[in-house]
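Report on one structure; see the data block that follows.
The values are calculated or read from the model by the stated rules, or taken from the named source; none is laboratory data. The structure displayed is predicted, hence computed values, not measured ones. Every residue, glycine as well, gets a Cβ built from its backbone with ideal geometry; the counts of neighbours run over all protein chains shown. To get the accessible areas, we keep the full protein, side chains included, count just its heavy atoms, and leave off ligands, DNA and RNA. Shrake-Rupley method; radii C 1.70, N 1.55, O 1.52, S 1.80 Å.
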Amino acid sequence: MASSTFTMIPLGASSFPSSRRLFQWFLLSLSSIHLTRAQDAVSTLFVPDTDTVIAFNLPPDSDDINFYVRTPDWYQYTAFGFGTKMADALMLVMYASEDRKGVTVSPRTTTGNTEPVYSPGTRLTIHESLINANADMIVNATCHGCRARLPRVDAESPMIFAVGPALDLGSDDLDARLRRHTAYGFFFADLLRATGPGGIPSGVVGPSTNASSGAELVAEAGGGATPTPGGIHRDSARPRAVAHGVLYAVAALAFAPLDTLLAGPSGRAGPGCTPARQPGEHVVTQTFRTPHQIIGLITVLLMAIMYFWGFAVSRIKRSAKQRGQEPPENTRYLAAVHRWVSRLVWLLLLVNVALGMKLSEQRLVLILAYLALALGIIIVLVPVYFCVWRCSKHRRKKEQQEQGLEMPTIYDHNDYGR
């Protein structure tokens with residue numbers, strides 16, 4: 001009778017997976033499924049011209065928006081917004097922090113094509129904020145309640161983005177001053193695809209991401225911009241802004257001092273000159289908070305007042321002359337106020353041109369050349385003004401003496417008592 005041999009295989013042998021390995025395999029499968037679902041629920045835009053990545057995720061049953069941005073830190077800032085234009089759009093502006101180890105994320109709004117200002121009512125949660133070894137700013141954050149700021153949630157939700165000039169900002173201030181962008185663009189994001197749990201894990205969008213998925217650039221020209229093959233628009237010089245600066249400088253360096261010189265010897269109180277300002281000119285800020293803008297408003301107001309003031313004084317003098325009378329005594333004081341305020345306006349014009357050049361970030365050599373020219377004009381005109389003042393004073397004194405000699409005799413003492 002043949003005997004049968006039975007071999008017992010222990011539970012830990014390699015022929016059957018252990019319970020521990022089964023559990024590890026189960027966890028790995030779940031994480032893979034979760035990562036796949038998270039990756040499916042993200043729409044990513046890659047902008048080759050600026051080497052920028054912007055990704056979105058919309059959690060279900062929530063008003064929040066998760067976003068991820070990777071962009072070079074040599075831009076003064078990188079920003080994106082919800083909508084087709086800047087006006088009334090919520091924009092998230094990112095720039096390097098003061099210590100350049102993290103990124104400041106500033107929610108902002110604006111009323112038009114002007115500098116956006118901080119919107120304190122927008123709440124953000126920053127999950128990740130750093131500047132890596134490749135000099136890239138990286139932000140992973142959640143904008144709470146921001147879904148209401150979207151024009152619509154569909155496969156082509158409109159968005160805008162922009163990058164600033166190659167300047168160092170380095171600030172923790174959420175309302176830090178921003179320069180005009182050097183490039184901007186429009187894109188559509190598939191927010192239906194981006195709706196799902198998971199947020200934006202670091203493994204979904206990383207340094208190697210160099211392609212768009214669920215988002216695409218839209219070539220939409222406008223505002224004098226030139227679209228590049230990559231779909232973004234490079235800002236060009238604005239003729240109206242240049243004309244504004246040139247007219248302002250000519251008014252400060254030529255028209256205003258010439259007007260004062262001509263008015264002095266002639267003894268007239270002229271209306272003065274007002275530099276033209278082009279309507280619809282590009283404004284950097286939506287609130288007048290720079291010295292250039294404040295002094296500009298004061299200057300324009302004073303020039304408008306002095307314009308009508310000069311006409312009034314001239315009319316009073318002309319009316320008295322037609323009646324064969326001398327102008328009222330206070331007319332001389334009114335004319336003096338007009339002259340000195342006009343000279344103050346001229347000095348404000350000179351200062352404000354320099355402030356405008358600094359605000360528009362003109363080259364230092366141009367600013368120094370203007371300052372040298374303005375100082376030279378002041379050095380030349382001050383003694384000229386002094387000579388004009390002395391001559392005018394001498395002429396008035398001589399006229400008063402001549403008028404005194406021509407006074408009629410009221411009493412003849414030689415015939416008194418006859």
Screening A89, A38, A79, A13 for residues that are assigned to a loop (DSSP other than H, G, I, E, B), touching a strand residue (DSSP E or B) at 6+ places or on another chain (Cβ under 8 Å) and either modelled with pLDDT under 60 or closer than 30 Å to F161 by Cα (or both) leaves only A89
The condition from (1) closer than 19 Å to V53 by Cα; (2) in a strand (DSSP E or B); (3) open to solvent by 20 Å² or more (accessible area, probe 1.4 Å); (4) of a type outside the set (V, I, T) that L124 misses is numbered (1)
Report, ordered by the first and then the second residue, all pairs with beta carbons closer than 8 Å, sequence separation of six or more or different chains, a first member in the range 297-326 that is more than 21 Å from V341 (Cβ to Cβ), and a second member that is open to solvent by less than 70 Å² (accessible area, probe 1.4 Å) and outside any loop (DSSP other than H, G, I, E, B). A320/T331; E326/A320
Those residues that are open to solvent by less than 10 Å² (accessible area, probe 1.4 Å) and either among the aliphatic types (A, V, I, L, M) or within 17 Å of H127 (Cβ to Cβ) (or both), I need them from the range 81-96; list them, please. A89, L90, L92, V93, M94, A96
In the set T104, T111, which member is under 26 Å from Q293 (Cβ atoms), among the hydroxyl-bearing types (S, T, Y) and surrounded by 19 or more Cβ atoms within 10 Å (Cβ to Cβ)? T104
List every residue pair whose Cβ atoms sit under 7 Å apart, with the two residues 6 or more apart in sequence or on different chains, where the first one lies in the range 365-380 and is over 15 Å from L349 (Cα atoms) and the second, anywhere, is among the aliphatic types (A, V, I, L, M) and surrounded by 11 or more Cβ atoms within 10 Å (Cβ to Cβ). L366/M357
What number of residues within the range 127-149 satisfy the criterion of being open to solvent by 80 Å² or more (accessible area, probe 1.4 Å) and in contact with a His (Cβ under 6 Å, 6 or more places away or on another chain)? 0
Selection from the range 206-221 of residues that are modelled with pLDDT under 70 and open to solvent by 40 Å² or more (accessible area, probe 1.4 Å): P207, S208, E220, A221
Within the range 297-311, residues farther than 30 Å from L371 by Cβ and modelled with pLDDT under 85 come out as F311
Among the residues listed as L344, L334, L381, the single one being modelled with pLDDT of 80 or more and either within 40 Å of the chain's Cα centre (by Cα) or in a loop (DSSP other than H, G, I, E, B) (or both): L344
Residue list for the range 47-61, restricted to those being under 21 Å from G198 (Cα atoms) and at pLDDT below 90: P60, D61
Could you grab the pairs with beta carbons closer than 8 Å, sequence gap of 6+ or different chains, first residue in the range 55-66 and more than 13 Å from V139 (Cα to Cα), second one open to solvent by 20 Å² or more (accessible area, probe 1.4 Å) and of a type in the set (D, E, K, R)? L58/D64; L58/R147; S62/R147; D63/R147; D64/R147; I65/R147
Among the residues of the range 313-331 satisfying the criterion of being part of a helix (DSSP H, G or I) and more than 21 Å from S392 (Cα to Cα), which is least open to solvent (accessible area, probe 1.4 Å)? S319
Per the list (1) under 17 Å from L150 (Cα atoms); (2) within 23 Å of the chain's Cα centre (by Cα), residue check on T78 breaks on (1)
Considering only the range 350-363, state which residues are assigned to a helix (DSSP H, G or I) and either farther than 16 Å from Y385 by Cβ or modelled with pLDDT under 80 (or both). V351, N352, V353, A354, L355, G356, M357, K358, L359
